[in-house]
Amino acid sequence: MSEQPKPTDAEDILSEFNKDVQPKEKPISEQPNESIIEDTQTTTTPTVEEKEPEIESKEKIESKEDESDKPRDIIFVGKKPLMTYVNATLTQLSVAPVVTIKSRGKSITQAVDISQFIMKRMDTVGYFIKDVRISSDSLKSNDGKSRNVSTIEIDMSHK
């Protein structure tokens, strides 16, 4: 008397799954081809009314792309590494005549470091500081108090 091998857990699960799942419709290969053709024709043929708004939306998208393609001439300094902002500033200076490095609070020292790095290390290119503006902004803190935060804007340019 030979015993049949016990099915594995995966085979048990598959057999239970196959019992529970009963095909409700005929497979696509058994359906007549006419219904498939009719369905695709009705869903894929756009009306004239649908075409006109698409053209308008394409024009709007193109105008938005034009705005985003313009070089951004302000670099906001935050908590990233110094060289990230140096590279961003140099990239923008290659396409824009003036780039503003802008920061506030504790990041002011980093903005000064960025401008000095570009001036001293890129001496042969001829970058220079065109203008420096300092001010303070009144911000509300988490506890609801109004605080003054120092800001600096350094305009970099090339000869």
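Quick rundown of the values:
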read-out: Of all residues making up region 125-144, the number that are assigned to a strand (DSSP E or B) and either in contact with a Leu (Cβ under 8 Å, 6 or more places away or on another chain) or among the hydrophobic types (A, V, I, L, M, F, W, C) (or both); value: 6
read-out: Selection within region 105-154 - β-branched (V, I, T) and touching a Lys or Arg at 6+ places or on another chain (Cβ under 9 Å); value: V125, V149, T151, I152, I154
read-out: Test: residue in region 52-71 that is assigned to a loop (DSSP other than H, G, I, E, B) and at pLDDT below 95; value: yes
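The values are calculated or read from the model by the stated rules, or taken from the named source; none is laboratory data. Not measured: the values here are computed from a predicted model. Positions of Cβ are backbone-derived with ideal geometry, glycine not excepted, and every protein chain shown enters the neighbour counts.
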